[in-house]
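To start, the structure itself, in structure tokens.
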Amino acid sequence: MAVVALRVLIFTGLLNFIICEGLKHDPDFEDQYIGCYTDNSSRALESIVYKDRTGTNSNGRCIRECSFRGFMFAATEPDLRIPIAECSRTCADHAARILFSKPTHLNAGVLRTQKRSRKCERANAGDECHCGNNYNYDRHGSKPDHCTLGCQGNTAETCGGDWRLQLYSVCPIGKYKGAGEAVIDDKPNCESECHCNKLPCFYFNGTCTDGCATGWKEHACNQIDCNHENGGCKHRCEEDKDDEWCSCLEGFKISTDDWKKCVDINECEDKTHHEDCHTCVNTEGSYTCECRNGYELDPITEQKCIDINECEEGKGIVNEQDCHTCVNTIGSYTCECNQYYEIDPDTNKTCIDINECAGKRGDDFHQDCHECINENPGYRCKCNNGFREDISINEGNCIDINEMGKYFIEVFKYVISGFAPQKNAIIEMTYN
Ligand SMILES: [Ca+2]
Ligand SMILES: [Ca+2]
Ligand SMILES: [Ca+2]
């Protein structure tokens, strides 16, 4: 038994080397190889994009064609004109048969298999390129050793086997295979992105044939180049960022459609404007405000409303004429008024004469004022007969003329006669 096992080992290696040679790829796409899978009339991949009869097929060409069409998987498979019965079995099947034949027939078996293999190759009507997006490409099973038929006119590669798909992952245009496995979580590993003047880039390493697009540099055109047209950014470009390196000036944000573009922030809609901005007015890159009466736009920020100091010179308030002492208030102003004046209750902003006579005797005009006559400022008094108005003060006051006259006469008589005045010497006088 041990001898037989050893012989199997030796012959398998020999046959694979001599006859089958095994799976072969274009080295550029080797990394994208997924496996060899069984196909049948219920196709594992949904589309056949071409049947090549010119002898120019290759796995790379099939991968490119599938990528152009937006597929995730590509597979080559020979289109055999001769029925399966003629070609009988795959190369590996023949190898197994030979191993179990008598040793004396080994050489003849090898020769027969070689003949059949060549016959099958000659009989290939063409190479098919299958594309698909179905993750269950393996639903008919896998046959790892069966993809051994050479591509038409290109023996450097194999293009599947009889009803066998030589399956590769496909990266979409602009992407190329990332590091590691060809398929991760059932999806092609296409993490790397290249940016060429004209896509696609090469799928295996991202090389661009016609140079890098704006804002990109290095071999695979996957490095940011802020020195070249600002890295494609509308505003700012930051090379130290791996992803989305564009940023915007103040007042702008990254567009939701294109992270290289910047769009205005509508501060009024977002309600991010200053709380003292009465009516927010959005502008490109900023905003400004419309202010209520009594306020003006802050000349420094132009984004908030500040109180107008109406009391400042040149602001229109005429001191001592209509507003004796201007007092600024937030959003307005008021006035302090001189004596005999009061603030106009209608406007609250001008000083008007107090009508003392409209008030109460004793409180608003003098107790001894017989008839109050309003004046601006103050008031005067009209006095009854025998009284005169004391004009020494603004507040009118009636004083008794007779009493005053008697007093002065007594004093006068006393001074000139040197004796005490007598009652019958009193002289009635009118004081003017
Ligand atoms: Ca704005
Ligand atoms: Ca004010
Ligand atoms: Ca008055």
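The values are calculated or read from the model by the stated rules, or taken from the named source; none is laboratory data. None of these values were measured; they are calculated from a predicted model. So basically every Cβ, Gly included, is an ideal-geometry build from the backbone, and we count neighbours across all protein chains shown. Only protein heavy atoms, including side chains, enter the accessible area calculation; ligands, DNA and RNA are left aside. Shrake-Rupley method; radii C 1.70, N 1.55, O 1.52, S 1.80 Å.
Quick notes on this one:
- Verdict on residue 368 being at pLDDT 90 or above and closer than 30 Å to residue 322 by Cβ: no
- The residues in region 350-367 that are within 23 Å of residue 383 (Cβ to Cβ), of a type in the set (A, V, I, L, M, F, W, C) and open to solvent by less than 60 Å² (accessible area, probe 1.4 Å) can be counted, and the count is 3.
- Residue count, region 254-291 (criterion: assigned to a strand (DSSP E or B) and of a type outside the set (Gly, Ala, Ser)): 13
- Hits in region 130-172 - residues which are open to solvent by 20 Å² or more (accessible area, probe 1.4 Å) and at positive phi: 141, 153, 163
- Where a residue in region 268-288 is under 14 Å from residue 301 (Cα atoms) and near ligand 1 (Cβ under 9 Å from one of its atoms) and its partner, wherever it lies, is β-branched (Val, Ile, Thr) and open to solvent by 70 Å² or more (accessible area, probe 1.4 Å), with Cβ under 8 Å and at least six apart: none
- Residue 302 vs. criteria over 30 Å from residue 67 (Cβ atoms), open to solvent by 90 Å² or more (accessible area, probe 1.4 Å) and either assigned to a helix (DSSP H, G or I) or assigned by TED's automatic domain parsing to the domain that holds residue 174 (or both): no
- In this structure, residue 206 does not qualify as assigned by TED's automatic domain parsing to the domain that holds residue 132 and either under 24 Å from residue 70 (Cα atoms) or among the aliphatic types (A, V, I, L, M) (or both).
- Any chance residue 313 is free of Cβ contacts under 8 Å to residues at least 12 places away in the same chain and either touching a strand residue (DSSP E or B) at 6+ places or on another chain (Cβ under 9 Å) or not in a strand (DSSP E or B) (or both): yes
- Screening residue 55 against (1) at pLDDT below 50; (2) open to solvent by less than 80 Å² (accessible area, probe 1.4 Å) leaves a single unmet condition, (1).
A quick yes/no check of all residues on (1) under 30 Å from residue 191 (Cβ atoms); (2) open to solvent by 70 Å² or more (accessible area, probe 1.4 Å); (3) within 22 Å of the chain's Cα centre (by Cα); (4) within 16 Å of ligand 3 (Cβ to nearest atom):
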position: 239; (1), (2), (3), (4): yes, yes, yes, no
position: 242; (1), (2), (3), (4): yes, yes, yes, no
position: 264; (1), (2), (3), (4): no, no, yes, no
position: 286; (1), (2), (3), (4): no, no, yes, no
position: 308; (1), (2), (3), (4): no, no, no, no
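- Residues of region 235-249 that are modelled with pLDDT under 95 and not in a strand (DSSP E or B): 238, 239, 240, 241, 242, 243, 244, 245.
- Scan of region 323-349 for residues that are surrounded by 16 or more Cβ atoms within 10 Å (Cβ to Cβ) and within 16 Å of ligand 3 (Cβ to nearest atom), ordered by number: 324, 337, 340, 341, 343
- Residue check for residue 352: under 30 Å from residue 331 (Cα atoms), without any contact (Cβ under 8 Å) to a residue 40 or more places away in the chain, among the hydrophobic types (A, V, I, L, M, F, W, C) and within 16 Å of ligand 3 (Cβ to nearest atom): yes
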